[in-house]
Amino acid sequence: MPFAGELIKVRDDAARLAGRRKNACLRGFALSLLVPDAHYGAVAEWIDDHHLNARVVYFRVPQRRAPAESPERRAAQPILVDMLEVKPDSDFESWIRSELDRRANHRCIDSVAEFRSVDKAVTRRGQIKDRDRHEKDDRRRIDDQRDYVLGWTNEQKVQALITHATSLHQELAKVGAIITELETSRASAASTLDRLVALREYSNWEELDWQRVVTRIGDLHREEEIIRSSSDELKAFSDERDRVRGEIADLDRRLGDLQQDRGGASSRHEGASGELELVERILLDAAALEAASPEFESIEQLMVTELSTEITDRAVARDAQQSVATALATRKETAVSQQNRLAQRIVRSMGSFRNAYPQETLELDDSIESAGEYRDLHERVATDDLPRFEQEFKDYLNQNTIRDIANLSAQLNKQETIIRDRVNTINVFSSRHRLQRRSLYPSRSRSHPQHRDTGIS
């Protein structure tokens, strides 16, 4: 389904005459969609169901159409349709030719006098006449190839668009340069304005005349040199002044050093005061001192071991404290490590003991917290006079074993008698039962000689 403009182009030999006129007369027709009759229903339904957000014009093209009447031709006034060419071998060729005979039968007129004398015409500048209806669309340039819609190819239109885009870029670059120049001028004007506003702070010219001030300073320096060179007394005063200034500078340096030393001494005094307060608080805690007194000798020995110098001042004491604290921490870590290894060994021994004596250790578990219970068990085992119980057990075993065996033998004999009586009773009952069966079923007994009566013995 092509657009009509894709199947129509201006003849090469008539491009100069028809280029502008055809764009004015056939633009609407060229932008119309050609729909074959077989697809007309589907296209109409789809277009009606969708919002296209644009304007669309389409023609229903039947398979056959009666040829249109050929337009009247005059040699002096060519007709627009004669300057057009239809793409051959197209399914729409005959229909488009018929439409062009009807739509493009305008006479190409060069003068307004001739334009007034005919019913249908088009001027070189794009004014269209169709009997009493006249139209001229100057919203676009009639010779702008970017707006042309006829032709099988679009190379010329693409080239026109590229040329126009290039010109726009050039114009944009020029405008950018002008904007940059204007921005620079505006910044310069703003800077000048700021300087002018700053001048409002001065009320007279003398405040701004810096050259006069510089000249005055130079004159005063030269006058000073003249006075210095001409007066010995002034030179002596100047030398004395320089000497005093040097002494003042030395005193200032000494004062700064003393102030620095004073600051250091104040800082050390504050530190010593804080440590003294801490020591006083420790000494006032009699209970803590009493509890720690047994460890004083060990700590003293540790200090002798860790330190090779005598404690003479606070700095040495602080170093001694840190060294002793580090040594104690190291010993503590060693003791804790040994304690952990010993605890693991104890727990393994507890497990072995419980496996060996499960009945006696039902209420115990394998943990250091149960050490007291294991100690109690050990105390009972060690102090409950087990040798005496062992002798009593041997005596009981010697005295009562024979008696117990005799009782056991008597019980076994009694049970044997009971079992024999019960077996005899069963045998008697079984014999009576066999006799009753023989008396009731004599033939059956004779017919089965293989069945023999057996008794329980």
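The values are calculated or read from the model by the stated rules, or taken from the named source; none is laboratory data. Nothing here was measured: the structure is a model prediction, and the numbers come from that model. Using ideal geometry, Cβ is built from the backbone for each residue, glycine included, and neighbour counts are taken over all protein chains shown. These accessible areas exclude ligands, DNA and RNA; they are computed on the full protein's heavy atoms, side chains included. Shrake-Rupley method; radii C 1.70, N 1.55, O 1.52, S 1.80 Å.
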Problem - Selection from Pro2, Gln127, Val175, by position along the positive dipole direction of the chain (Cβ) - result: Pro2
Fill in the blank from the handout: Arg241 and Asp376 label points (each 7 Å along its Cα→Cβ direction) are spaced in nm at 10.2
Fill in the blank from the handout: Length gained if Leu251 through Arg354 is fully extended, taking 0.36 nm per residue and subtracting the Cα-Cα distance, is 28.3 nm
Handout entry: Rounded to the nearest 10 Å², the accessible area of Ile226 at probe 1.4 Å
Key = 110
Exercise for the section: Report ³J(HN,Hα) in whole Hz for each residue of region 267-277, in order, from the Karplus equation J = 6.51 cos²θ - 1.76 cosθ + 1.60 where θ = phi - 60°; Gly and Pro get x. Expected result: 5, 5, 5, 5, x, 5, 4, x, 5, 5, 5
Practice task
Enter the angle in degrees (range 0 to 90, nearest 10) between the Cα long axis of helix 40-49 and the first principal axis of the Cα atoms of the chain, meaning the one along which they spread out most.
Solution key: 70
Handout entry: Three-way shape call for region 105-173 based on the alpha-carbon gyration tensor, with the a/c threshold at 1.5
Key = prolate
Fill in the blank from the handout: Dipole check, the chain, charges on Cβ (K,R +1; D,E -1), about Cα centroid: among Val81, Ile227, Ile109 the Cα furthest to the positive pole belongs to Val81
Handout entry: Angle in degrees between helix 386-440 and the longest Cα principal axis of the chain, rounded to the nearest 10
Key = 80
Practice task
Would you please classify the overall shape of the chain from the alpha carbon gyration tensor, given that a ≥ b ≥ c denote the square roots of the eigenvalues, rounded means a/c under 1.5, and beyond that prolate means a/b larger than b/c while oblate covers the rest?
Solution key: oblate
Handout entry: Mean Cα-pair separation over length for the chain, i.e. relative contact order, pairs under 8 Å, 6 or more apart, %
Key = 10
Fill in the blank from the handout: Rounded to the nearest Å, the spacing of the alpha-carbon centers of region 244-291 and region 96-122 is 117
Practice task
Towards the positive end of the charge dipole of the chain, with charges on Cβ (+1 Lys, Arg; -1 Asp, Glu), say which of Ala291, Ser431, Leu278 has the farthest Cα.
Solution key: Ser431
Practice task
Quick one: how many lysine pairs does the chain have with C-alpha atoms less than 15 Å apart and a gap of 8 or more or different chains? Give me the count, please.
Solution key: 8
Problem - Simple Cβ-charge dipole of the chain, Lys/Arg +1 and Asp/Glu -1, about Cα centre, in debye nearest 20 - result: 5860
Problem - Nearest-ten-degree value, helix 210-230 long axis tilted from longest Cα axis of the chain - result: 70
Exercise for the section: Per DSSP H run of n ≥ 4, the term is -39500 (n - 2.57); total these for the chain, divide by its residue number, and report the mean residue ellipticity at 222 nm rounded to 500 deg cm²/dmol. Expected result: -22500 deg cm²/dmol
Exercise for the section: May I ask you to give the solvent-accessible area per residue for region 100-175, in square angstrom, as obtained with a 1.4 angstrom probe? Expected result: 71
